[in-house]
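The values are calculated or read from the model by the stated rules, or taken from the named source; none is laboratory data. Keep in mind the model is a prediction, meaning the values are calculated, not measured. As a convention, Cβ positions derive from the backbone with ideal geometry for all residues, glycine included, and neighbour counts pool all protein chains shown. In case anyone asks, the SASA skips ligands and DNA or RNA and just uses the protein heavy atoms, side chains included. Shrake-Rupley method; radii C 1.70, N 1.55, O 1.52, S 1.80 Å.
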Amino acid sequence: MEISVDTPDNVLAQHICHVAEQARDQLKVCHLFQTEPVLIKIVEQPKLDQFDCLGVFRCDDSVVEVIEPSRIPEVLVEDDPLLLISENIVFDSVVVHELTHAFMHQTLPTRSGSVAQDEYLAYAMQFEFMPEDARNVMLEARPVTTDVTLDSLNEMILMFAPTLFGLRAWTHFNYENNGCDFFQLLLGGKVNFAPEFE
């Protein structure tokens, strides 16, 4: 199944294709599968509901939009731990994050659950894909010092501190007996996050 890239930068396009192939293998292990072609477009500024983002998945036409790598520091807030690591590593991880959303949409006939539940899956895969040393730099800056429960992976944290939410999601994903087995429980509707707030 095809993953194509829309960017005038041929070197970047080839790099994204390599990242996408690695991501597809990682996602397959966690029970997320590609069933339709996906287009990855590099754009100046992805937006979701008028908010600036690093990446967005447009489910209506199976398009992933990702920000130009050089613009990543401009979009992140001042104390975001992502600023502590290479923008190229952040860029690759955003590609994986949005492909997770794409494959989730293609694997499931309906949404997996709440927004926090969807983002748990995407952030766990995003940070799992990162090199360990880069991830450790972020965890040193924002250590996860308490046990991560599903209640602590809520939409309030997601809204106001998305990278912290992501680090918590990755930490929870890596607890013993979680990982891709926990993904399967979420995807099968056997475990659910708390309902989203109104």
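Applying the set (1) modelled with pLDDT of 95 or more; (2) under 21 Å from E65 (Cβ atoms); (3) among the aliphatic types (A, V, I, L, M) to V148 leaves exactly one unmet item: (2).
Take segment 60-95 and flag every residue that is in contact with a Gly (Cβ under 6 Å, 6 or more places away or on another chain) and not in a strand (DSSP E or B). Full working, then the answer.
Of all residues in segment 60-95, those in contact with a Gly (Cβ under 6 Å, 6 or more places away or on another chain) come to 66, 94.
The one that is in contact with a Gly (Cβ under 6 Å, 6 or more places away or on another chain) and not in a strand (DSSP E or B): V94.
In segment 30-40, of all residues being open to solvent by 20 Å² or more (accessible area, probe 1.4 Å) and under 16 Å from the mean Cα position of the chain (by Cα), the one that is farthest from V11 (Cα to Cα) corresponds to H31. In segment 49-85, which residues are open to solvent by 50 Å² or more (accessible area, probe 1.4 Å) and closer than 22 Å to L139 by Cβ? Passing the criteria: P73, V77, E78, D79, L83, L84.
What number of residues within segment 130-169 satisfy the criterion of being over 23 Å from V191 (Cβ atoms) and either in contact (Cβ under 8 Å) with a residue 60 or more places away in the chain or of a type in the set (V, I, T) (or both)? Residues in segment 130-169 being over 23 Å from V191 (Cβ atoms) and either in contact (Cβ under 8 Å) with a residue 60 or more places away in the chain or of a type in the set (V, I, T) (or both): 5 in total.
Kindly check whether there is at least one residue in segment 68-81 that is within 26 Å of G179 (Cα to Cα), in contact with a Phe, Trp or Tyr (Cβ under 8 Å, 6 or more places away or on another chain) and of a type outside the set (S, T, Y).
Step one: filter segment 68-81 for residues within 26 Å of G179 (Cα to Cα), giving 80-81.
Narrowing further to those that are in contact with a Phe, Trp or Tyr (Cβ under 8 Å, 6 or more places away or on another chain): none.
No, segment 68-81 contains no residue that is within 26 Å of G179 (Cα to Cα), in contact with a Phe, Trp or Tyr (Cβ under 8 Å, 6 or more places away or on another chain) and of a type outside the set (S, T, Y).
Got a sec? Which helices (runs of 4 or more DSSP H) wholly within segment 112-198 have at least 1 residues that are in contact with a Ser or Thr (Cβ under 9 Å, 6 or more places away or on another chain) and farther than 16 Å from L83 by Cα? It would help to see each step written out before you state the result.
Working: elements: 115-129, 132-141, 155-160, 162-173, 179-187.
Result: 115-129, 155-160, 162-173, 179-187.
Which is out of contact with any Lys or Arg (no Cβ under 9 Å at 6 or more places or on another chain) and of a type outside the set (A, V, I, L, M, F, W, C), of H105, H31? Step through it out loud before you land on a result.
Details: H105 fails: out of contact with any Lys or Arg (no Cβ under 9 Å at 6 or more places or on another chain).
Going through H105, H31 in turn, just one is out of contact with any Lys or Arg (no Cβ under 9 Å at 6 or more places or on another chain) and of a type outside the set (A, V, I, L, M, F, W, C): H31.
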